[in-house]
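Participant: After the structure tokens below, expect a handful of questions from me.
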Amino acid sequence: MPIFDFLSGQFIDVIHWTDDTRDTMVWRFEREGHEIKYGAKLTVREGQAAVFVHEGQLADVFTPGLYMLETNNMPVMTSLQHWDHGFRSPFKSEIYFIATTRFTNLKWGTKNPIMLRDPEFGPTRIRAYGTYTVRVSEPAKFLSEIVGTDGEFTMDEISYQIRNIIVQAFSRIIAGSGIPVLDMAANTRDLGKLVAGEITGIVAEYGLEIPEFYIENISLPPTVEAALDKRTSMGIAGDLSRFTQYSTAEAMTAAAKNPSGGGGIGAGLGMGMGMAMAQQMADQGPWGARPAQEQAPAAPPPPPVEHVWHIAEGGQTHGPYSKARLGRMVTEGGLTRDTLVWTAGQDGWKRAEDVAELAQLFTVMPPPPPGA
């Protein structure tokens, strides 16, 4: 290697960083021996900052622009000043590039349910999730507090810690907000601002900021959601009668879909329930129960059970006879007041005139004809 080329290598350095990974926050410029040469060109692009570390101490922060590292007051040494060290400078310098752009579409969520006291439902558990963005606001603080000497620091290395900070702040704010669970969906924007304000002061200690914070969803446990769905169904039904019809229809659908051996029984039961429901709906009309003045009249009571009678004559019985038949027998002379009669439920045989139900047969007989 010609001596001229070797010396040229000692004078010329081009320091810059281009990144397309979209998750790298810090990258250290690798130089053999960590030597920064006199007259080196440092290019810092928009969305970047460069932190100069000399002999383990943070020396300067460079914002976007082009810099010539050649001033005497900069903490850099050229190896040409130290021939006795074999062109190796004893002063080690490092440059860390830090991305100051926003890291977007970062996820957060509650790993465990959050307990709170709802004014309507009482003690309730909720879950929530959403997205946020983060950016480095103070490169020097971020390097000293978080990165250290890591030569390539990615967003994944700190996202878990930020998520814990967000969940802690969200839990504290949501539990003390007093907002009913049913109204939280309408207040996610305000809740997001409160949470973002809470975590801003914490992440600022790391040299970070949260420009955007969003709450995408707040959900209840499945059992509470099922109860709310049933309550909504009752509201749609309008009253208990129509809710009963709705529940019956659901039961019919479930029975029809049942593929087990009892499907025939379920189908028959469903058909009977359907017919009963259809009759009920027909009686009530399309808008539910009719007004009291339009109700159908009550059905008359069932007619009394008609007795049939047996007659005892000459040691023998014959019958049974209906009351109408006995009336004709009185007219024909086949039944007298002294004839013994019996019917089911009667205590033994009795004279016909002693039975209140038959005594009237003898009182309606016409008197004997004149001259009889």
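FYI, it's all coordinate maths here, none of it is from the lab. Just so it is clear, the model here is predicted, and its values are computed rather than measured. FYI the Cβ positions are ideal-geometry reconstructions off the backbone, even for glycines, and counts take in every protein chain you see.
Participant: Among 26, 167, which comes first, second and so on when ranked by fewest other beta-carbon atoms within 10 Å?
Facilitator: Result, fewest neighbours first: 167, 26.
Participant: A follow-up question, please. Please report 60, 183 as a ranked list, fewest other C-beta atoms within 10 angstrom at the top and most at the bottom.
Facilitator: 183, 60
Participant: Separate question: Within 10 Å of each residue's Cβ, count the other Cβ atoms and sort 103, 362, 52 from fewest upward.
Facilitator: 362, 103, 52
Participant: Between residue 298 and residue 43, what is 0.36 nm times their sequence separation minus the Cα-Cα distance? Round to one decimal in nm. Intermediate values should be presented prior to the final figure.
Facilitator: On the way: separation 255, 0.36 × 255 = 91.80 nm, distance 9.76 nm.
Here the answer is 82.0 nm.
Participant: How would the stretch 103-220 be classified by its alpha-carbon gyration tensor: rounded, prolate or oblate, with rounded meaning a/c under 1.5 and the a/b versus b/c comparison settling the rest? Don't jump to the answer; show the numbers that get you there.
Facilitator: Numbers: a/c = 2.61, a/b = 2.44, b/c = 1.07.
Prolate, since a/c reaches 1.5 and a/b exceeds b/c.
Participant: Same structure again: Gain in length, residue 168 to residue 155, computed as 0.36 nm per residue apart minus the alpha-carbon separation, to one decimal in nm?
Facilitator: On the way: separation 13, 0.36 × 13 = 4.68 nm, distance 1.99 nm.
Extra length available between residue 168 and residue 155 comes to 2.7 nm.
Participant: On to the next question. Note down the net charge around residue 108, summing +1 for each Lys or Arg and -1 for each Asp or Glu among other residues with Cβ under 11 Å from its Cβ. Present the calculation step by step, with values, prior to reporting the outcome.
Facilitator: On the way: positive: 107, 111, 163; negative: 216.
Net local charge, residue 108 excluded: +2.
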